[in-house]
Amino acid sequence: RPLNTNSAPIFEKFKIITIIYSFSSLIQLSILCIQSLCLQLLDKLRMAKGYMYILECSNGAFYTGSTKNLTRRLQQHQNGEGANFTQKHLPVRLIYFEVFSRIDLAFYREKQVQGWSRRKKIALISGRLNELNRLSKNYSQYGIP
């Protein structure tokens, strides 16, 4: 006789309900964690006095800058009112930023990152911080990484 799915034992139904409840609890916990992280980030952004940022231009090139107001500066870049380089390669897309308590620290970091190779910037953007030191090596001395 064919299996009737509606006549599954109560135990099986209970297991399914328990699994669904567990997933639902996990999702709720994840949402709370995300909300907490967002609030922490907002607090940090409210106290920010400077930003270092990296844009990806339409030609794939990176542009590194610093500003006191990231939202306004991004709008300026998009409107063609930013740096000469980004004006020629619109549209641009924000792909990375760091928050600083002082604009001079953001400017210092901008100058540091501007001197980096594309590979090193990609490692920073991707969060592969453990590769930054290796990518700092002199190519003529150590070869291409």
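The values are calculated or read from the model by the stated rules, or taken from the named source; none is laboratory data. Note that this is a predicted model, so its numbers are computed, not measured. FYI the Cβ positions are ideal-geometry reconstructions off the backbone, even for glycines, and counts take in every protein chain you see.
The set of residues from segment 86-118 being touching an Asp or Glu at 6+ places or on another chain (Cβ under 6 Å) and either in a helix (DSSP H, G or I) or of a type in the set (Val, Ile, Thr) (or both) comprises just one member, 95. Here residue 31 meets each of (1) at pLDDT below 70; (2) surrounded by 10 or more Cβ atoms within 10 Å (Cβ to Cβ); (3) over 30 Å from residue 117 (Cβ atoms); (4) hydrophobic (A, V, I, L, M, F, W, C) with one exception, condition (1). For segment 108-117, indicate whether the set of residues that are of a type in the set (Lys, Arg) and at pLDDT 90 or above is non-empty. Within segment 108-117, one or more residues are of a type in the set (Lys, Arg) and at pLDDT 90 or above. The set of residues from segment 58-80 being over 21 Å from residue 120 (Cβ atoms) and crowded, with 18+ Cβ neighbours inside 10 Å comprises 67, 70, 73, 74, 77. Within segment 61-120, the set of residues being under 21 Å from residue 135 (Cα atoms) and among the charged types (D, E, K, R) comprises 98, 109, 110, 111, 118, 119, 120. Scanning segment 89-112 for residues that are under 16 Å from the mean Cα position of the chain (by Cα) and of a type in the set (Val, Ile, Thr), we see that the one that is farthest from residue 56 (Cα to Cα) is 99.
Check off (1) surrounded by fewer than 13 Cβ atoms within 10 Å (Cβ to Cβ); (2) at pLDDT below 90 for residue 83 and give me the number that stays unchecked. Condition not satisfied by residue 83: (1).
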